[in-house]
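**Q** Have a look at this one before I ask anything.
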Amino acid sequence: MEHTAHAFANLDHERLARNGLPEVVYAESKTPAQVAAIMAEMYERSHTALATRADADHFAAVQARLPHARYHQQARLITVGKPLRLPEPDGPYAAVVCAGTSDLPVAEEAALTLEWAGHRVRRVTDVGVAGIHRLFAVEDVLREAAVCIVVAGMEGALPGVVAGRVGCPIVAVPTSVGYGANFGGLSALLAMLTSCAPGIAVVNIDNGFGAAAVAHRILLQIAQAATTAT
């Protein structure tokens, strides 16, 4: 196994070959200098890098070393370099669905991560259960998706509704959006875990990146199966 050691990090450069997704920098609680050093080495090795939970100071440090880096403020992501692969123009896509506009930062973390990983993404925004007709109006987008990431706060009901109406795998993401009894996303998490609709995988609160990683593996398996069939 090839690793590169710093005083503050031990980078795993073989993760992409091992499980289909390279190591990604979790920027929160790291200093800007640490994030910049890690991303610079990753970019030098593979010509691409991604950091999550990054702020403006992290980005400034990264951009000083990698001038073509981009900061996606809403999603708190830093990307640099090319995507991992080029998506098939007519290939399978992931639908990223968010219940409310307040859930967009988490939904965008998932969507942009998938695009960086080289997948097609269709976004469906503000279709929560308070106005369920909005979801039905775009149901064709969900039915044609290979996988749906469904992001919701408050009572977290939307993934169960989607899972009851489409046949693809559902990756549910509870968010910390909501008033006091939402308990910072805990009520949404429990609702998703106890949903009566089958076919739902649930990731941690606000973990758009984790949802994208699950969807990425599903999409890779679909691509591999298609290649084998031909």
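**Q** Does Leu189 fit the bill of being under 17 Å from Cys98 (Cβ atoms) and in contact with a Leu (Cβ under 9 Å, 6 or more places away or on another chain)?
**A** No, not satisfied.
**Q** Keeping to the range 148-189, report how many residues are in a helix (DSSP H, G or I) and either surrounded by 15 or more Cβ atoms within 10 Å (Cβ to Cβ) or under 19 Å from the mean Cα position of the chain (by Cα) (or both).
**A** 13
**Q** Another question, then. Got a sec? Which of Tyr43, Tyr93, Tyr26, Tyr71 is without any contact (Cβ under 8 Å) to a residue 60 or more places away in the chain, hydroxyl-bearing (Ser, Thr, Tyr) and closer than 30 Å to Leu135 by Cα?
**A** Result of the check over Tyr43, Tyr93, Tyr26, Tyr71: Tyr93.
**Q** Which ones in the range 129-173 are touching an Asp or Glu at 6+ places or on another chain (Cβ under 8 Å) and closer than 23 Å to Leu114 by Cα?
**A** Val151, Ala152, Gly153, Val166, Val173
**Q** Out of the range 117-143, which residues are under 18 Å from Val106 (Cα atoms) and crowded, with 19+ Cβ neighbours inside 10 Å?
**A** Ala117, His119, Val121, Val124, Val127, Gly128
**Q** Continuing with the same structure: Please report, ordered by residue number, the strands (runs of 3 or more DSSP E) entirely within the range 19-111 with at least 3 residues that are buried (at least 19 other Cβ atoms within 10 Å of the Cβ) and within 17 Å of the chain's Cα centre (by Cα).
**A** Those strands (runs of 3 or more DSSP E) span 48-52, 77-81, 93-98.
**Q** Also, quick follow-up: Which members of the range 206-230 meet the condition of being buried (at least 17 other Cβ atoms within 10 Å of the Cβ) and assigned to a loop (DSSP other than H, G, I, E, B)?
**A** Scanning the range 206-230 gives Asp206, Asn207.
**Q** Test of understanding: among Ala145, Ala197, which residue is among the small types (Gly, Ala, Ser), at pLDDT below 95 and in a loop (DSSP other than H, G, I, E, B)?
**A** Going through Ala145, Ala197 in turn, just one is among the small types (Gly, Ala, Ser), at pLDDT below 95 and in a loop (DSSP other than H, G, I, E, B): Ala197.
**Q** Which of the numbered conditions does Thr48 fail, given that it passes all the others? Conditions: (1) of a type in the set (Val, Ile, Thr); (2) within 29 Å of Leu158 (Cβ to Cβ); (3) in contact (Cβ under 8 Å) with a residue 24 or more places away in the chain.
**A** All conditions are met except number (2).
The values are calculated or read from the model by the stated rules, or taken from the named source; none is laboratory data. Keep in mind that what you see is a predicted model, and the values were worked out from it rather than measured. Using ideal geometry, Cβ is built from the backbone for each residue, glycine included, and neighbour counts are taken over all protein chains shown.
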